[in-house]
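Remarks on the structure that follows.
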Amino acid sequence: QVQLVESGGGLVQPGGSLRLSCAASGNIFRIDTMGWYRRAPGNQRELVAAMSSGGSTNYADSVRGRFTISRDNVKKTVYLQMDSLKPEDTAVYYCRYTNSQGGYWGQGTQVTVSS
């Protein structure tokens, strides 16, 4: 089992910034992928950004250039720096951890972009 603890969501005005964090613990593998998904009301959950333990990254087109994913492999923590936030970024953001044995979800953290 893997446990994921997320933090950093909240309310921010358009154009503002937020930083999400997700710490993994438990059955952690050296080779894995950590990332963020989001689900807006009425929409399906979608990939926001992901990063492998080797450093490869993948971003949704809608956030590329505004969001930056990073990770600390020693702390097994992944971060999502979100800049130039837009109202359409409003969603519940979920941390995701995957390795060769499966995948795990965090509990989700609400991000609301509104004036």
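The values are calculated or read from the model by the stated rules, or taken from the named source; none is laboratory data. Since we're looking at a predicted model, the values are computed, not measured. Note: ideal-geometry Cβ built from the backbone for every residue, glycine included; neighbour counts use all protein chains shown. Side chains are part of the model used for accessible areas, which takes the heavy atoms of the whole protein and leaves out ligands, DNA and RNA. Shrake-Rupley method; radii C 1.70, N 1.55, O 1.52, S 1.80 Å.
Only Lys, Arg, Asp and Glu carry charge here, each on its Cβ (+1 for the first two, -1 for the last two); on that basis the chain has a dipole of about 160 debye about its Cα centre.
On the principal axes of its alpha carbon atoms, the chain extends 41, 24, 22 Å, with the longest extent given first. Please report the spacing between the Cα centers of the range 71-107 and the range 5-28 in Å, no decimals. Taking the Cα centre of each part, the range 71-107 and the range 5-28 sit 7 Å apart. In this structure Lys76 has an accessible area near 30 Å², from a 1.4 Å probe over the protein heavy atoms. Within the accessible area of the chain, the carbon and sulfur atoms contribute 46%, probe 1.4 Å, all protein chains present. Heavy-atom accessible area for Leu47, with the other protein chains in place and a 1.4 Å probe, reaches approximately 50 Å².
Can you work out the accessible area per residue across the chain, with the rest of the protein chains kept in place, probe 1.4 Å, in square angstrom?
Numbers: 5980 Å² over 115 residues.
Heavy-atom accessible area per residue stands at 52 Å².
Which of the listed residues, Tyr97, Pro14, Ser25, is farthest toward the dipole's positive end in the chain, when Lys, Arg count +1 and Asp, Glu count -1 at the beta-carbon? Checked the options; the winner is Ser25. In the complete set of protein chains, residue-level accessible area for Glu46 is approximately 80 Å², probe 1.4 angstrom.
Across the chain, Cα pairs under 8 Å and at least six residues apart give a relative contact order of 36 percent.
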